[in-house]
Amino acid sequence: MTNDMTRGNPTRLIISFTLPVLFGNLCQQLYGMVDSIIVGRAISMEALAAVGATSGISFLVIGCIQGLTAGFSVITAQRFGAGDYEGVKRSVATSALLSLAATVLLTAAGILTARPLLEVMNTPADIIEDSYAYIIVIYYGVAATAFYNLLSCIIRALGDSKTPLIFLVFASFLNVALDLLFIITFHMGVGGAAWATVLSQGVSGLLCLGYAWRRFPLLRMEKRHWTFDWSYAWKHLRLALPMAMQFVITGTSVLVNQAVLNLFGSAAVAAFSAASKIHMLSEQVAVSFGTAMATYAGQNYGAGKAGRVREGLRKCTLACEAITLGIMVIMTAFGGVMSSWFIDGYHPEVIQQAHLYLFISALFYPALTMLFLYRNTLLGLGNGVTPMLAGVCELLSRMIGAPVLGYFFGFTGLCWINPIAWVTASGLLFLSYRKTMRNIRPVDPTVDASDSNKIMN
């Protein structure tokens with residue numbers, strides 16, 4: 001069922017859209033945590049470090065796929081908001097063709113560069129083989145990741161955030177079951193954890209495809225919709241490439257940070273890996289509200305209702321920051337306890353370092369919240385350049401900060417890298433949003449789309 005977000009109470013619409021996305025994201029992060037917990041406790045601390053050491057190079061490819069599919073779906077949301085259902089079909093078909101091409105290129109690039117990148121990043125000798133065994137499976141499964149992300153983004157662009165959630169929850173339980181089967185029963189090591197992730201994502205994609213075909217007549221394209229048009233494809237790429245680039249830029253900055261971290265040994269890598277999993281769970285409130293704002297802003301911008309975008313973002317920010325304060329308290333108070341879940345045996349140094357990372361990061365969660373909200377709102381408004389520039393700011397912050405702070409302050413210095421990047425990027429996004437909205441005359445939320453379009457044009 002589609003969901004028109006151009007009418008009705010903005011707060012209610014955004015929250016109702018966000019909740020299923022949030023629940024789905026939490027499930028996704030939880031099964032990622034379970035991956036790490038099973039690896040860390042059923043295999044070894046070194047195995048946990050091996051998986052953590054791949055986070056940067058994994059993000060380069062997977063993040064690029066996520067950025068592309070999210071960017072493509074903005075056009076779909078805009079066409080749906082404008083009531084252009086023929087445009088929706090053309091957008092979906094074009095997105096699918098572009099995603100297929102990207103999948104082939106990124107899979108090949110990932111497989112060819114995996115081992116050299118691990119070596120260049122100073123991956124400790126005691127974990128490099130396990131790191132390679134894990135990441136190569138993830139790269140072989142890029143198609144499954146692209147398949148699920150594209151379909152879920154399309155369904156969400158039409159206003160249905162609940163259905164992808166249901167399939168993701170199912171896949172989460174499947175992932176855990178496959179983890180236990182591959183690692184404990186079949187003794188497949190870290191490669192088993194990677195196969196569990198890939199297969200569960202593939203199942204999610206198949207479920208989304210079956211549902212979309214049965215329940216969305218709007219998405220049943222004909223042959224003419226699959227005709228490739230470079231000019232129309234460019235409209236999608238104009239938004240998707242900057243968003244993908246920001247993931248690539250962020251991934252590159254993570255690589256720099258990871259390369260410096262690897263110099264401190266496998267224990268520090270394990271601590272960072274455990275803390276990162278917890279941090280990724282804690283940031284899902286902001287991520288989910290950001291996803292909602294991208295669809296909300298896209299639909300309302302397509303309908304010519306700029307005033308609703310302004311109102312929605314203001315109320316969304318207040319709600320999200322209030323929740324973020326509670327998360328800050330939990331992270332600072334219980335970060336050490338949660339970190340101990342990942343480690344089998346007595347490793348106080350690892351737990352202490354993980355808690356330090358979470359404590360410092362939590363202090364800057366309000367800036368991280370702004371980053372997600374304003375980045376996605378700008379994307380929904382058709383501005384893909386500023387989010388990319390914000391990614392460049394993050395890259396420069398990490399590239400300069402990681403070696404300098406790591407050299408002078410060791411592991412503690414590395415814990416400050418992310419907060420510095422968040423503050424820098426969120427400041428740029430906020431200023432860009434203010435400038436964008438100044439160029440759009442305020443519109444009453446109740447104004448008709450036709451009248452609003454006259455104002456915006």
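The values are calculated or read from the model by the stated rules, or taken from the named source; none is laboratory data. All of these numbers come straight from a predicted model, not from anything done at the bench. Glycine also receives a Cβ, built like all others from the backbone with ideal geometry; neighbour counts cover every protein chain displayed.
Key figures
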{"read-out": "Pairs where the first residue, in the range 81-92, is touching a residue at least 24 places away in the same chain (Cβ under 8 Å) and more than 16 Å from Lys305 (Cβ to Cβ) and the second is outside any helix (DSSP H, G or I) and among the polar types (S, T, N, Q), C-beta under 9 Å, 6+ apart", "value": "Arg90/Thr227"}
{"read-out": "Residue within the range 178-190 that is surrounded by fewer than 21 Cβ atoms within 10 Å (Cβ to Cβ), in contact with a helix residue (DSSP H, G or I) (Cβ under 9 Å, 6 or more places away or on another chain) and assigned to a loop (DSSP other than H, G, I, E, B) present", "value": "yes"}
{"read-out": "Search result, residues across the range 302-327 that are free of Cβ contacts under 8 Å to residues at least 60 places away in the same chain and either surrounded by fewer than 23 Cβ atoms within 10 Å (Cβ to Cβ) or not hydrophobic (A, V, I, L, M, F, W, C) (or both)", "value": "Arg314, Thr317, Leu318, Glu321, Ala322, Ile323, Thr324, Leu325, Gly326, Ile327"}
{"read-out": "Breaking point among (1) over 18 Å from Lys223 (Cβ atoms); (2) surrounded by fewer than 21 Cβ atoms within 10 Å (Cβ to Cβ); (3) in contact (Cβ under 8 Å) with a residue 12 or more places away in the chain, for Leu97", "value": "(1)"}
{"read-out": "Of residues in the range 9-55 being of a type in the set (Gly, Ala, Ser) and not in a helix (DSSP H, G or I), the one modelled with the highest pLDDT", "value": "Ala53"}
{"read-out": "Residue list for the range 417-434, restricted to those being within 19 Å of His355 (Cα to Cα) and buried (at least 20 other Cβ atoms within 10 Å of the Cβ)", "value": "Ile417, Asn418"}
{"read-out": "Ile128 vs. criteria surrounded by fewer than 22 Cβ atoms within 10 Å (Cβ to Cβ) and in contact with a Pro (Cβ under 9 Å, 6 or more places away or on another chain)", "value": "no"}
{"read-out": "Test: residue in the range 80-92 that is over 15 Å from Gln299 (Cβ atoms), part of a helix (DSSP H, G or I) and among the hydrophobic types (A, V, I, L, M, F, W, C)", "value": "yes"}
{"read-out": "Residue under evaluation Thr324, criteria (1) assigned to a helix (DSSP H, G or I); (2) over 28 Å from Gly63 (Cβ atoms), criterion not met", "value": "(2)"}
{"read-out": "Tally, over the range 210-259, of residues that are in contact (Cβ under 8 Å) with a residue 60 or more places away in the chain and within 26 Å of the chain's Cα centre (by Cα)", "value": "30"}
{"read-out": "Qualifying residue in the range 143-156 (condition: assigned to a helix (DSSP H, G or I) and out of contact with any Ser or Thr (no Cβ under 9 Å at 6 or more places or on another chain))", "value": "no"}
{"read-out": "Any chance Leu165 is modelled with pLDDT under 90 and either in a helix (DSSP H, G or I) or crowded, with 21+ Cβ neighbours inside 10 Å (or both)", "value": "yes"}
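So that you can scan it fast, the table gives a plain yes or no per residue for (1) touching a Phe, Trp or Tyr at 6+ places or on another chain (Cβ under 8 Å); (2) free of Cβ contacts under 8 Å to residues at least 24 places away in the same chain; (3) of a type in the set (Lys, Arg):
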{"site": "Ile135", "(1), (2), (3)": "no, no, no"}
{"site": "Ile138", "(1), (2), (3)": "no, no, no"}
{"site": "Asn149", "(1), (2), (3)": "no, no, no"}
{"site": "Leu181", "(1), (2), (3)": "no, yes, no"}
{"site": "Val190", "(1), (2), (3)": "yes, no, no"}
{"site": "Cys208", "(1), (2), (3)": "yes, no, no"}
